[in-house]
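Okay, so here's the structure we're looking at.
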Amino acid sequence: MLIGGGHGRTNSGLTRPDWAEGEFSCIDCYSGSSYVEFITRCQDETVLGTSNTAMLGSCQRGPKQKSLRLPDVQNPHDLYAVHCRRMIQISSAIEPLPPVGTEIAIQEQRMIEDFEEQVNFGRLYLDRGANSYRPTWKGAYLMTWGQFQPMKSLRNSLAQRKSVATLKELNASASGLRVY
């Protein structure tokens with residue numbers, strides 16, 4: 001399934017490529033650029049995500065979220081190959097795909113679950129009057145602080161090291177992917 005999104009917008013008319021299994025997301029960003037993200041959910045609630053976004057996240061990840069950013073991997077086939085290699089490494093059973101036609105509703109429910117997780121971390125709260133999630137003071141500080149220098153450079157450097165180490169571990173260079 002291809003789920004369009006990014007700040008409440010959907011990309012209609014797009015479908016999951018025949019060669020991709022699991023969830024396949026293409027999300028428009030504020031900057032006008034786009035990225036591809038593969039997400040696999042496991043029955044033990046582990047979430048494995050592989051994307052080629054260059055943007056740093058601003059939310060805290062839970063212990064079962066295993067994300068990898070590979071901004072230099074622009075070919076979706078290569079990105080999917082890395083994602084598949086990462087799926088092989090996890091021992092948990094993969095959650096089956098949702099029934100056709102329920103993808104948007106399930107994605108919306110998962111977004112709410114993600115927001116609720118941020119509530120549990122103290123970064124967001126539910127403003128019932130506006131029916132909207134808003135940052136707490138702590139959340140606003142941490143989400144903003146992580147996007148400015150020098151933290152941004154430090155986080156990018158750590159993410160780049162993680163990407164290189166993961167690609168080397170998966171022997172991705174053998175498939176033609178560039179490993180620094």
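The values are calculated or read from the model by the stated rules, or taken from the named source; none is laboratory data. Keep in mind that this is a model prediction, so the values were computed, not measured. Positions of Cβ are backbone-derived with ideal geometry, glycine not excepted, and every protein chain shown enters the neighbour counts.
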Legend entry - Qualifying position, being assigned to a loop (DSSP other than H, G, I, E, B) and touching a strand residue (DSSP E or B) at 6+ places or on another chain (Cβ under 8 Å), among Thr40, Thr53: Thr53
Legend entry - Residue list for the stretch 98-125, restricted to those being touching a Ser or Thr at 6+ places or on another chain (Cβ under 8 Å) and farther than 17 Å from Arg41 by Cα: Gly122, Arg123, Leu124, Tyr125
Inset, instruction - Run down Ala159, Ala130, Ala140, Ala105 and say which single residue is in a helix (DSSP H, G or I) and either exposed (fewer than 11 other Cβ atoms within 10 Å of the Cβ) or in contact with an Asp or Glu (Cβ under 7 Å, 6 or more places away or on another chain) (or both). - result: Ala105
Legend entry - Some residue of the stretch 131-147 being of a type outside the set (Gly, Ala, Ser), under 15 Å from Arg41 (Cβ atoms) and in contact with a Gly (Cβ under 8 Å, 6 or more places away or on another chain): no
Legend entry - Residue list for the stretch 103-138, filter: farther than 23 Å from Ser51 by Cβ and among the β-branched types (Val, Ile, Thr): Val119, Thr136
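Okay, residues lined up against (1) farther than 12 Å from Leu48 by Cβ; (2) in contact (Cβ under 8 Å) with a residue 12 or more places away in the chain; (3) surrounded by 15 or more Cβ atoms within 10 Å (Cβ to Cβ):
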position: Pro71; (1), (2), (3): yes, yes, yes
position: Gln74; (1), (2), (3): yes, yes, no
position: Ile90; (1), (2), (3): no, yes, no
position: Leu97; (1), (2), (3): yes, yes, yes
Legend entry - Flag for Phe148 being in contact with a Phe, Trp or Tyr (Cβ under 6 Å, 6 or more places away or on another chain) and of a type in the set (A, V, I, L, M, F, W, C): no
Legend entry - Among (1) modelled with pLDDT under 85; (2) closer than 27 Å to Gly101 by Cβ; (3) of a type outside the set (Phe, Trp, Tyr), the one test that Gly49 misses: (1)
Legend entry - Residue list for the stretch 82-109, restricted to those being of a type in the set (D, E, K, R) and at pLDDT 90 or above: Glu108
Legend entry - Verdict on Asp127 being of a type in the set (Asp, Glu) and at pLDDT 95 or above: yes
Inset, instruction - Of the numbered conditions (1) free of Cβ contacts under 8 Å to residues at least 12 places away in the same chain; (2) closer than 25 Å to Gln118 by Cα, Ser67 fails exactly one; give the number of that condition. - result: (1)
Legend entry - Any pair with Cβ under 8 angstrom, 6 or more apart, that starts in the stretch 132-160 at a residue that is farther than 23 Å from Val119 by Cα and ends at one that is of a type in the set (Ser, Thr, Tyr) and loosely packed, with under 11 Cβ neighbours inside 10 Å: Gln160/Tyr180
Legend entry - Within the stretch 122-144, considering residues that are over 21 Å from Leu68 (Cα atoms) and of a type in the set (A, V, I, L, M, F, W, C), the one farthest from the chain's Cα centre (by Cα): Ala130
